[in-house]
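**Q** Can you keep this structure in mind? I'll have questions shortly.
Here, each number is a calculation from the coordinates, and none is a lab measurement. It should be emphasised that the depicted structure is a prediction, and the values quoted were computed from it without experimental measurement. Every residue, glycine among them, receives a Cβ derived from its backbone with ideal geometry; neighbour counts consider all protein chains shown.
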Amino acid sequence: MKSFLTVLAICIASATMAQTDSLHAGVYSLSKAIPQKIGVVEKRQILSGTTLDIKKFEVYTLTLPAGKKYTSTTTDSKFEQLIVVKSGTIKLTVNDTSKIVGPGSLALILVGDKITFDNTSSQPVSWFVLNYQTKMEDSKRGHDAGPSFIKDWNLLKASISPKGETRMVYDRPTSMFERFDVHATVLNNGYNSHDPHTHRAEELILMINGNCQFQIGQEKFQAQNGDAVLMASKVLHAAQNVGTAPCGYYAIQWHLLKKD
């Protein structure tokens, strides 16, 4: 009975949100984002709105000058955040854990936690922020699955094939999702990531290196370093590297059901 009620609640929440979705499948370009100075950091908003499963969703970059420090706000801690380092070397501190990491490294910040960025280098540092909140928020679920954490790109194990490289980062419950699945792909030129397919779960592709062509529905779009590609629920999609060099991206998929 409990399982039935959970499924019913998700269906009702999804149906309600579907009527007001403001973000649609497509490529959202970093190059079109207008820079905004917010205290010590510069912000570039890539996308902001709602989706089928997320009632507030933002993707943006922050850039911190050399020698400066920045801590996420109290408002930020009301949401869950995924941080991905875009360029430069930065010291990240989450709770009692600090690590100095470079491009591709990431941090998952659960509801109630904060993260501090300390740029001790001589160059500006930029990172992506995914800021999100769902109607199925459960802070206890997220913290029961493990604390907020930092992952160093250089320590992620790579599975290598003729297509390129895959790094499985995590697949776990969080404050906002029954499952939150993140992996990184390096796709060699001339290869498809997979055949065109669909799934109920929504997905975001975050370009971290190079250029890639994405099929979304029956159309094809180009995305480059810094762009975010949103794959809506049940929309046909695929990726192909039609360039002359490898491209890299994070594939980020969220599930409101464990078997979603």
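**Q** With viscosity set to 1.002 mPa s and temperature to 20 °C, compute the Stokes-Einstein D of region 127-184, Rh being the Kirkwood radius across alpha carbon pairs; µm²/s, no decimals.
**A** 162 µm²/s
**Q** To the nearest 20 Debye, how big is the dipole of the chain about its Cα centre, given +1 on the beta carbon of each Lys and Arg and -1 on that of each Asp and Glu?
**A** That gives a dipole near 280 debye.
**Q** Going down the list Lys55/Lys91; Lys32/Lys135; Lys99/Lys163; Lys55/Lys234, which pairs span over 20 Å between their C-alpha atoms?
**A** Violating the 20 Å limit, Cα to Cα: Lys55/Lys91; Lys32/Lys135; Lys99/Lys163.
**Q** Along the charge dipole of the chain, which of Asn131, Thr50, Asn95 sits closest to the positive end, that is, farthest toward it, with unit charges on the beta carbon of Lys, Arg, Asp and Glu (+1, +1, -1, -1)?
**A** Ranked along the dipole, the leading option is Asn95.
**Q** If you place +1 on the Cβ of every Lys and Arg and -1 on the Cβ of every Asp and Glu, how big does the dipole about the Cα centre of region 165-260 come out, in debye to the nearest 20?
**A** Here region 165-260 has a charge dipole of around 160 debye.
**Q** In square nanometres, what is the average projected area of the Cα convex hull of region 21-94?
**A** 6.0 nm²
**Q** Along the Cα→Cβ direction, 7 angstrom out, place labels at Gln123 and Lys56. What is the inter-label distance in nm?
**A** 3.5 nm
**Q** Right, here's the next one. Could you work out the equivalent-ellipsoid semi-axes for region 160-211, taking the square root of 5 times each eigenvalue of the Cα gyration tensor, largest first, in whole Å?
**A** Taking √(5λ) for each eigenvalue gives 23, 14, 11 Å, largest first.
**Q** Find the centroid of the Cα atoms in region 19-66 and in region 206-256, then give the distance between the two in whole Å.
**A** So the two Cα centres are separated by 17 Å.
**Q** Bin by bin, in steps of 10 Å, what percent of the Cα pairs in region 50-154 do you find, going until the bin that has the longest distance?
**A** P(r) for region 50-154, in whole percents per bin: 15, 48, 29, 7, 0.
**Q** Still on this structure: Which three lengths, in whole Å and largest first, does the chain cover when its Cα atoms are put on their principal axes?
**A** Taking max minus min along each principal axis of the Cα atoms, the chain gives 56, 44, 35 Å.
**Q** Here's something else I'd like to know. Magnitude of the Cβ-charge dipole of region 25-139, K/R +1 and D/E -1, about the Cα centre, nearest 20 debye?
**A** 420 debye
**Q** Using r as the Cβ-Cβ distance of Ser31 and Gln218, and R0 as 25 Å, what FRET efficiency do you calculate, to the nearest 0.05?
**A** The value I calculate is 0.50.
**Q** How large is log10 of I(q)/I(0) for region 77-224 at q = 0.09, 0.14 Å⁻¹ when the intensity is taken from the Debye formula with one equal scatterer per alpha-carbon?
**A** With no solvent term, the Cα-only Debye profile gives -0.32, -0.79.
**Q** Let me ask another. For region 163-260, take the alpha-carbon Rg, divide it by the Kirkwood Rh, and send me Rg/Rh.
**A** 0.97
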